[in-house]
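The values are calculated or read from the model by the stated rules, or taken from the named source; none is laboratory data. A quick note: this is a predicted structure, and the numbers were derived from the prediction, not measured. Cβ: placed from backbone, ideal geometry, glycine included. Neighbour counts: every protein chain shown. Remember, those area values only see protein heavy atoms, side chains included, never the ligands or the DNA or RNA. Shrake-Rupley method; radii C 1.70, N 1.55, O 1.52, S 1.80 Å.
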Amino acid sequence: YNKQNAIKSFDWSNYLNTTCAEAASISYFKHAPMSDSWDNIIVGMKVEVINSDVDLPSTVFWIATVIRIAGYKALIRYEGFGADCSKDFWLNLCTQDVHPVGWCATIGKPLVPPKTIQYKYVDWKEFLVKRLTGARTLPNNFYTKVLESMSSHKFKPGTRLEVVDKMCVSAMRVATVDEIIGGRLRLQYVDSKDENDDFWCHYRSPLIHYVGWSSQAGHKLHSTPEYRSKAAEKARTGEYEEGDASPDMFIEHKDIPNGQRFEAGMKLEAIDPLNLSTICVASVMKVLKNNYLMIGIDGSMAHNGSDWFCYHASSPSIFPMGFCEINSIELTPPRGYKGPFKWFDYLKQTKSRAAPVRLFDKEIPKHGYRVGMKLEAVDLMEPRLICVASVTQIVGRLLRIHFDGWEKEYDQWIDCQSPDIYPVGWCEMVGYHLEGPKTKETYVPLQTVSKKRKTKNQ
Ligand code: MLZ
């Protein structure tokens, strides 16, 4: 029994009205459906929607104007209301209930004016013709396009892959896809007896890999000897079985600058994978093949290396020494470090050297994010949860994501191209539960599932 599922999914409508906040645009999220064809969706465009302001037994439609856009959601006003906003309502543009102008005429459905304004005109036809001349509307095949763009990957229930072991992040484990919602995969570890021991991630997540990836990269893998040898063979020959995740299902990493490599022992700054609100002093613990690195957070490493974490050399989550200082953000010193932290002294004390700046990917992709924008973000410490969130700081390509109503300890530094952030209305569109902002009235602590979060220097 899952308490959270019993709670209704959060509805953005009132929240958008009362906070007046701007939502991050669909076009910022490359992995989100319709991201590349959202340019035509603009304020002022007209659509045909169900008219609920009538006393008729049958479903009728009316023309409406888009007043405001927030992610996939649009604030709508029935045509004829003029400046009167009393009947405005929010709807999701990517649902079956929204149609381009002309749709009713094509299928012979009547357009019926809302009863509140019925008295205003005698000749509604003439009124509509006037209002609609030159107006923009949705493209004809809009909903078909929406459906198409929601299934643009090859993952299926049953697909086998390698994924980070959530109980021991330095190792991989074998899992199968159990369920897919909006491109997010519910994974089940194959060696787990507990059905509820699942792991959610997007199909573009850097935490999942093809069968045989661990053997190729030289990454630790918890699995059976049979799997190990078969997987290695498959990756070597490229001959995969039905149901195996194969290399072509994953995005390829950028090449790193020629001939320049990270070396074990080099120091750097990195987002702590177990506490995404902090950027910490870290070390390259091991260099794997194909430019993957095992990174450890200085001062809090388990002796057996069980909290080393794999980042690709081109990852946007690792930074050269001095990154935090240059960007005026807090760098978390090694746990228990005495006195103010100075890189120069620290390198001397630890007799180590910093990873050269040229090894890092410094590209900052163009993005439109601004502080204050709302979105839906995965709580990566409990990745089943997608929550109402806001951008509270921007550093180059990094976004600081704050979960509305929650303490700052829950904040996460996330890359602007991360597949773990979604536009407002995404959950509603794909049918995923959305966690609302934490409020005193609605929040019931889930004591049984609550994992203690690391806080700074704790
Ligand atoms: N059980 C967890 C839920 C936290 C979810 C927060 N999401 C932003 C806790 O109370 O810590």
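At a glance:
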read-out: Tensor-based shape of the stretch 330-403 (alpha-carbon gyration tensor, a/c under 1.5 rounded, otherwise prolate or oblate); value: prolate
read-out: Charge dipole (the stretch 280-397, unit charges on Cβ, about Cα centre) - positive-most of Cys280, Ile326, Pro316; value: Ile326
read-out: Difference of contour (0.36 nm per residue) and Cα-Cα distance, Ile7 to Lys145; value: 46.6 nm
read-out: Local electrostatic count, Leu185, Cβ distance below 9 Å [Lys/Arg +1, Asp/Glu -1]; value: 0
read-out: Close Lys-Lys pairs in the stretch 338-388, where close means Cα under 23 Å and separation is 8 or more or interchain; value: 4
read-out: Spin-label proximity, Glu126 to the stretch 52-89 - amide N less than 20 Å from point 7 Å beyond Cα toward beta carbon; value: 63, 79-82
read-out: Selected from Phe341, Ser149, Pro419, residue furthest toward positive end of dipole (the chain; charges at beta carbon); value: Phe341
read-out: Cα pair distances of the stretch 86-145 binned at 5 Å [whole percent]; value: 4, 13, 19, 23, 25, 11, 4, 1
read-out: The stretch 300-316 residues near the modelled Phe341 label - backbone nitrogen below 11 Å, point 7 Å along Cα→Cβ; value: 300
read-out: Loop-located GluC sites (Glu not before Pro) in the stretch 118-201, at most 15 other Cβ atoms within 10 Å (DSSP); value: Glu195
read-out: Dipole magnitude (debye, nearest 20) for the stretch 95-180, charges at Cβ of Lys, Arg, Asp, Glu; value: 320 debye
read-out: The stretch 1-92 shape via C-alpha gyration tensor axes, a/c threshold 1.5; value: oblate
read-out: Average accessible area per residue (Å²) across the chain - probe 1.4 Å, nucleic acids and ligands excluded; value: 51 Å²
read-out: Candidate lysines - alpha carbon under 20 Å from Lys193, same-chain residues fewer than 8 apart omitted; value: Lys166
read-out: Neighbourhood net charge (13 Å Cβ-Cβ; Lys/Arg +1, Asp/Glu -1) for Glu263; value: +4
read-out: Fraction of accessible area attributable to carbon and sulfur, the chain (%, probe 1.4 Å); value: 53 percent
read-out: Length added when fully stretched, His253-Ile42, from 0.36 nm per residue minus Cα-Cα; value: 72.5 nm
read-out: Qualifying GluC sites (Glu not before Pro) in the stretch 207-274, DSSP loop, other Cβ atoms within 10 Å at most 14; value: Glu239, Glu241, Glu242, Glu252, Glu263
read-out: Reachable aspartates and glutamates, given that their alpha-carbon falls under 14 Å from the alpha-carbon of Lys440 and they are not under 8 places away in the same chain; value: Asp404, Glu407
read-out: Dipole of the stretch 157-217, positive end: most advanced residue of Trp213, Cys168, Gly158 [Cβ charges, Cα centre]; value: Trp213
read-out: Rounded, prolate or oblate (a/c below 1.5 giving rounded, otherwise prolate when a/b exceeds b/c) for the chain by Cα gyration tensor; value: prolate
read-out: Close Lys-Lys pairs in the stretch 37-154, where close means Cα under 24 Å and separation is 8 or more or interchain; value: 23
read-out: Net length gained if the chain between Glu179 and Ile50 were fully extended (0.36 nm per residue, minus Cα distance); value: 43.2 nm
read-out: Cleavage-rule hits, trypsin sites (Lys or Arg not before Pro), the stretch 263-353, DSSP coil, Cβ neighbours within 10 Å at most 16; value: Arg335, Lys338, Lys342, Lys351, Arg353
